[in-house]
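Here is the structure we will look at.
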Amino acid sequence: LPLQYNTSYSVRVRVSYDGGANWCPWGAACTITTAPLPPGQGQGRGLQALPADEPATFQLWPNPNRGDRVNVLADGLPLEAGSAELALVDLAGRIVIAQQVPVTDGTVQYVLDLQGRAVPGLYTVVLRTQDSERALRLVVQ
């Protein structure tokens with residue numbers, strides 16, 4: 001560990017619904033393949049880093065989450081950006097939710113509705129403008 005990019009793994013999972021006091025049986029093994037490159041690297045988007053003197057924030061809460069709503073706060077985005085794409089991506093790289101969110105004065109404040117769309121698991125929340133991309137992990141219980 002940690003998992004390596006562009007690598008296949010055979011995975012078996014078992015679940016506890018009571019904090020580890022009892023466990024369901026192991027599921028069948030399945031194969032997953034991780035992304036070829038980290039987000040924003042080598043994908044031809046021409047992403048730019050923020051200047052060192054410009055503070056940036058990207059936060060999600062509550063995290064872990066119960067699968068209802070997650071608050072998103074990001075600042076330090078390009079001032080000329082009028083909107084950004086907010087995406088929830090599962091471990092297989094599938095986009096579960098993708099929507100445009102408003103950017104005001106370089107800031108996104110948004111509540112993302114997960115109800116009925118995100119099953120328990122690990123996700124990546126990606127916030128993307130034309131010239132920047134940020135990503136954070138989100139745990140849905």
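Heavy-atom accessible surface of the chain, averaged per residue, reaches 66 Å², computed with a 1.4 Å probe. Only Cα pairs under 8 Å and 6+ residues apart enter the sum, and on that basis the relative contact order of the chain stands at 22 percent. The reciprocal of the average 1/r between distinct C-alpha atoms defines the Kirkwood hydrodynamic radius, which for the chain equals 16.8 Å. Note on LEU79 and ASP131: the model spin-label points, each 7 Å out from Cα along the C-beta direction, lie 1.3 nm apart.
If I model a spin label at SER8 and GLN141 as a point 7 Å from the Cα along the Cα→Cβ vector, what separation in nanometres do I get? In this crude spin-label approximation the distance works out to 3.5 nm. Working from label points 7 Å from Cα in the Cα-to-Cβ sense, the VAL96 to LEU122 distance is 1.4 nm.
The values are calculated or read from the model by the stated rules, or taken from the named source; none is laboratory data. All values derive from a computational prediction rather than experimental measurement. Positions of Cβ are generated from backbone atoms using ideal geometry, with glycine treated the same way; all protein chains shown enter the neighbour counts. Areas reflect the complete protein model, heavy atoms only, side chains present, ligands, DNA and RNA absent. Shrake-Rupley method; radii C 1.70, N 1.55, O 1.52, S 1.80 Å.
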